Amino acid sequence: MQDMHKTLPAANDNRGFFSTLVALPRRLPIAYKMAVSFSLLIILGMGALGAAVIHYQEDLMRRQIESYGATIVGQYAATAIDPVFTDNQFDMQVLTANLVKDHRIEGAALVDPKGERLAGEGLVPEPLVDYVPHTELQSVTWQGQSLLNVPHQLVSFFAPVQFRQVTAGQAIITLSLADVQYSFRQTIHTLLAATALMMLFSVIIAYWMGKRMGRPIKTLVMATDELGQGNLNVQLPEDRGDEFGRLNQAVNRMVRNMREKNQVEGVLNRLVAGDVAQQVLSDLNDVGIGSQRVEASVLFVDIVGFTSLSERLAPEVVVDLLNEYFAYFTQCSQLYMGMVDKFIGDCAMIIFGAPRPNPDHRFDAIACAVMIQRLLERVNKRRHQLGQPRVCVRIGINSGEMMAGMVGADQRMEYTVVGDAVNLASRLCSLGQPDDIVVGGDVIERLERPGRVTAEPFRQMKVKGVTAMVSAYRIEALASRYEQSIDEMIDGLLTTTDQPPKAI
């Protein structure tokens, strides 16, 4: 068991090595890949070409040798007819010796029908009795040794020495295949040199081409990295006429579409709440009229005496004043997970608990209202120092079941909440005095951890469609730690800019 445990790391190392080896081509730059690919193609191409050339040359030279050998041995046999039939040893030896003087001929011999040598010089296959008698021209390839004892291939040609159908012996000549083999080697060396030279040029050209092709790819990778980091100011060159140019154009179109989409999202987020905008953009094909029952809170905040104030001010000043205070309302609501549903004249309607569920929506609505009132106290002090009139608001809050969703027509719709609880919140707002926060009984009676809020009964009132009297409360204060947190957030809002915030 111990030995087995010792061998496991080696196996893991091997797997890691082979995995790295397999993954290596995917990690190489494209220039290296092109260089290797071109080299392999040239090796395969030159290998196939070399094999064809060598085969053709081998076949051609073998035919030439066979033709030459057949001619020489035929002439040798014809010339040897008289000496062989007359048994003239001297003439046979002279004829053979003269024939071997040709450097292309390694050996020659004349033999009788029994294989006995009549005359001979140089290399001939032994024993001769194994190769005679032959009644027609034949050749035999065999392994021999040169005068320097270097083994090499030889080919011997046999032709009958005959006159009028009478065979008196055999004529034999031996040719060396060394020239053929040398030619083969030279051809192989030439092909190898040509392959190496072409590989060198191809590697250089492929590397250069890979570098040129890699530049636009590298630029494209850098652009996509910038896009991944949220930079939509990427602009790729479109002056190329090849596929990279068309790819750059496609990427630029995509970036422009993304910029336009972001602009649309930005504008949509300013026109409607962020949660509603994301819900709409998540499925543009499923946007339509529809609502669902939710448990939520609604806050109405109304600027008191705005009508008389607007009569004393220029229209431009009135609009700037509205935008300033609507910006305050929006910022406070965002800090408490509220959504500004709409601005109605000098009134704002804020929803808590929809479209994003919030189990503590009642307290968040109250805390948002307290923050608005405390923020406006600070703003009014600044307005007083500037000699500007004081601006007060009254706030009404109610909670309960209501319908939330897209309301309107197919041609024009908006996200909102409707129901008796919403109507009661609007009515509570109208009943309050300047700086009042009036809430419905449902808000106080169903508040989680009620010790966070101090409220006093405001009045009992009759609501249309409801048999029992409806209780209303006035918010006095929050627990000290919540009010301290509100003061810190107000400090942050008022110190981030010297200018009043703009409505979003």
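The values are calculated or read from the model by the stated rules, or taken from the named source; none is laboratory data. A quick note: this is a predicted structure, and the numbers were derived from the prediction, not measured. A quick note on method: Cβ atoms are made from the backbone with ideal geometry, for glycine too, and the neighbour counts reach across all protein chains shown.
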Task: Scan of the stretch 239-269 for residues that are closer than 21 Å to MET222 by Cα, modelled with pLDDT under 80 and surrounded by 14 or more Cβ atoms within 10 Å (Cβ to Cβ), ordered by number - done: ARG240, PHE244, GLY245
Task: Residue, nearest to ARG449 (Cα to Cα), within the stretch 343-400, restricted to residues that are in a loop (DSSP other than H, G, I, E, B) and under 50 Å from the mean Cα position of the chain (by Cα) - done: ASP360
- [ ] Scan the stretch 273-291 and give yes if some residue there is assigned by TED's automatic domain parsing to the domain that holds ARG390, modelled with pLDDT of 75 or more and either out of contact with any Lys or Arg (no Cβ under 6 Å at 6 or more places or on another chain) or buried (at least 17 other Cβ atoms within 10 Å of the Cβ) (or both), otherwise no.
- [x] yes
Open item on the list: Checking VAL294 against (1) in contact with a Pro (Cβ under 9 Å, 6 or more places away or on another chain); (2) part of a loop (DSSP other than H, G, I, E, B); (3) not basic (Lys, Arg): exactly one of these is not met. Which one?
Closed with: (2)
Open item on the list: So, restricting to strands (runs of 3 or more DSSP E) that lie completely within the stretch 408-469, which ones have at least 2 residues that are touching a helix residue (DSSP H, G or I) at 6+ places or on another chain (Cβ under 7 Å) and farther than 30 Å from ARG390 by Cα?
Closed with: none
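Check the stretch 64-74 and report whether any residue there is at pLDDT 75 or above and loosely packed, with under 11 Cβ neighbours inside 10 Å.
Initially, the stretch 64-74 is screened for residues at pLDDT 75 or above, giving 64-74.
In the following step, the residues that additionally are loosely packed, with under 11 Cβ neighbours inside 10 Å were identified as 67.
Scanning the stretch 64-74 turns up at least one residue that is at pLDDT 75 or above and loosely packed, with under 11 Cβ neighbours inside 10 Å.
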- [ ] Look at SER202 and say whether it is in a helix (DSSP H, G or I), more than 22 Å from GLY107 (Cα to Cα) and not basic (Lys, Arg).
- [x] yes
Open item on the list: Looking at the structure I just gave you, is GLY353 out of contact with any Lys or Arg (no Cβ under 7 Å at 6 or more places or on another chain), surrounded by 15 or more Cβ atoms within 10 Å (Cβ to Cβ), without any contact (Cβ under 8 Å) to a residue 40 or more places away in the chain and among the small types (Gly, Ala, Ser)?
Closed with: no
Open item on the list: Return the pair list, or none, for Cβ contacts closer than 7 Å from residues in the stretch 113-124 that are in the same structural domain as SER156 (by TED's automatic domain parsing) and without any contact (Cβ under 8 Å) to a residue 24 or more places away in the chain to residues that are among the hydrophobic types (A, V, I, L, M, F, W, C) and assigned to a strand (DSSP E or B), at least 6 apart or on different chains.
Closed with: ARG117/ALA109; ARG117/VAL111
Open item on the list: Go through (1) more than 15 Å from ASP302 (Cα to Cα); (2) surrounded by fewer than 22 Cβ atoms within 10 Å (Cβ to Cβ) for GLN373 and report which single condition fails.
Closed with: (1)
